[in-house]
1. Consider residue 203 carefully, then state whether it is at pLDDT 95 or above and either more than 26 Å from residue 100 (Cβ to Cβ) or crowded, with 20+ Cβ neighbours inside 10 Å (or both).
2. Where residues in region 117-165 are of a type in the set (Asp, Glu) and either part of a helix (DSSP H, G or I) or in contact with an Asp or Glu (Cβ under 9 Å, 6 or more places away or on another chain) (or both), which of them is surrounded by the fewest Cβ atoms within 10 Å (Cβ to Cβ)?
3. Might you check whether a residue that is surrounded by 15 or more Cβ atoms within 10 Å (Cβ to Cβ), in a helix (DSSP H, G or I) and over 20 Å from the mean Cα position of the chain (by Cα) occurs anywhere in region 94-116?
4. Output the number of residues of region 38-80 satisfying the condition of being surrounded by fewer than 14 Cβ atoms within 10 Å (Cβ to Cβ), without any contact (Cβ under 8 Å) to a residue 24 or more places away in the chain and within 25 Å of residue 130 (Cα to Cα).
5. Return the residue satisfying two criteria in turn: it lies in region 61-90 and is out of contact with any Ser or Thr (no Cβ under 6 Å at 6 or more places or on another chain), not hydrophobic (A, V, I, L, M, F, W, C) and not in a helix (DSSP H, G or I), and of such residues it is modelled with the lowest pLDDT.
6. Mind checking whether some residue in region 211-226 is surrounded by fewer than 20 Cβ atoms within 10 Å (Cβ to Cβ), of a type in the set (Gly, Ala, Ser), without any contact (Cβ under 8 Å) to a residue 40 or more places away in the chain and over 24 Å from residue 48 (Cα atoms)?
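The values are calculated or read from the model by the stated rules, or taken from the named source; none is laboratory data. In this text, all values refer to a predicted model and were calculated from it rather than measured experimentally. So basically every Cβ, Gly included, is an ideal-geometry build from the backbone, and we count neighbours across all protein chains shown.
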Amino acid sequence: MKTADPPVELAAIGEAVIALLLLLVPGQAVVAATSRLADPPPPLHCGAYGLLAGASCVCAFGWIRRADLPLALRTIWSLRTYALFLVGWLPFAFLLYPYVMHRLGHRLPPQAMLEYLAGTPDWGFAWLALLLACLIGPIAEELVFRGFLFRAVAPLGGPAAIAFTSVLFGLLHEVSVIVPVTLLGGLFGFVRWRTGGIGSSILLHIVHNVWTVILVLGQPRLLELCFDTK
């Protein structure tokens, strides 16, 4: 008798690997190419161009394979869950975690893009940074982590899929924010699991990044209070 389940699982794993490679490889290639120019742009600009390349490839792949990634958007429930999560996450991420890291002797710099936006940015480039941080980046990351990767490891169970994708999500961010970002990834994974699709996790990721950027633009001194900016 022909069994369809194993090929489906192998296909999901293959798609997850492809999505992760699309997120990483084109971006690294663009960073390497731009940094070798006779008059290379600043490193942050190179990184943004690389992120744009990788995220664009992932979004294109996600569109091609969209039948495998249901949206299942539950707006009110997702926003309520996110608000409850913030009650514990905000004091941990901005007070307890920086305090513990400083007590352990670890320097805790802010994320480079937020530090750039909190300064006196060149708005010709800053618009690209905002687009990446608030729209393209969140969509691409959710397609990879809560989309293809979550689907690939879902046969292990919801909690295992949440743990795996959130840890990998945290590890691919800057060292200074690995733990808070891993917890945030756990929330996105939980929402993905409960709703059965990536629509709500995409929404929450965009909302989170948008209000973070607005907060930093409005109160740039917050970075100095919570992180080592010098």
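1. yes
2. Restricting to residues being of a type in the set (Asp, Glu) and either part of a helix (DSSP H, G or I) or in contact with an Asp or Glu (Cβ under 9 Å, 6 or more places away or on another chain) (or both), the top hit is 141.
3. Within region 94-116, one or more residues are surrounded by 15 or more Cβ atoms within 10 Å (Cβ to Cβ), in a helix (DSSP H, G or I) and over 20 Å from the mean Cα position of the chain (by Cα).
4. Of the residues in that region, 6 qualify.
5. Just the residues of region 61-90 that are out of contact with any Ser or Thr (no Cβ under 6 Å at 6 or more places or on another chain), to begin with: 61-71, 75-77, 79-90.
If we keep only those that are not hydrophobic (A, V, I, L, M, F, W, C) as well, we get 62, 65-66, 68, 70, 75, 80-82, 88.
Going one step further and asking which of them are not in a helix (DSSP H, G or I), we end up with 65, 70.
Values: 65: 91, 70: 88.
Restricting to residues being out of contact with any Ser or Thr (no Cβ under 6 Å at 6 or more places or on another chain), not hydrophobic (A, V, I, L, M, F, W, C) and not in a helix (DSSP H, G or I), the top hit is 70.
6. no
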